[in-house]
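Computed from the coordinates by the stated procedures, all read-outs in this text should not be read as laboratory data. Since the structure is predicted, the reported quantities are computational estimates derived from the model, not experimental observations. Virtual Cβ from ideal backbone geometry, glycine too; neighbours counted across all protein chains shown.
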Amino acid sequence: MEEKRVKQEKTAVRDITKANIHALQLYSYIFYFFMLLLGVFLDFIFPIGIPIQSILMPISVSFLIIASVLIIWAQNANRNLNTENLTKETFSSGPYFFIKNPTHMGLFLLVLGFGILANAFFVVIFTIISYVVTKFIFLKREEKILEAKYGEPYMEYKKSVKF
């Protein structure tokens, strides 16, 4: 009886933290979107452009390709997460072996690549601002939720992956 109650409590905690994580991710994506719109709007009003655009063009295309692969890879790696027997390796599948937040990195590279390709100075600037704000506000909160949800195995993973 006690074991069943403990299992129900753990399930309830997982459901709450899962909802909080998804809400937090949604807010960060909305923030990126509004910053992108602000950048596009300002580029329309003040068309400054990016110096050395011809040199940056191949880099922007590379960013778009790498970002797409990274996002798809991260989403596929998330589908097979085994939460029953947690270890540090549980969190290290796919791109998570190298990067703690590959979807956010992919989003950053995707929007940055678009900004450079579109020769949109303000989109590039606001993309960099979005990345910094997301990293230090949204992702810090997400890490705290994951630490509470998964405990020691997640803490070990976090120590092993610096970026």
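Once the chain from Ile52 to Asn78 is taken as fully extended at 0.36 nm per residue, the excess over their C-alpha distance is 5.5 nm. Full extension of the chain between Tyr27 and Glu152 gives 42.3 nm of extra length, using 0.36 nm per residue less the Cα-Cα distance. When His22, His104 are sorted by how many other C-beta atoms sit within 10 angstrom of their C-beta, beginning with the fewest, the order is His22, His104.
Can you give the FRET efficiency for Ile65 and Ile128, using 1/(1 + (r/R0)^6), R0 = 22 Å, r = Cβ-Cβ distance, to the nearest 0.05? The computed FRET efficiency comes out at 0.65.
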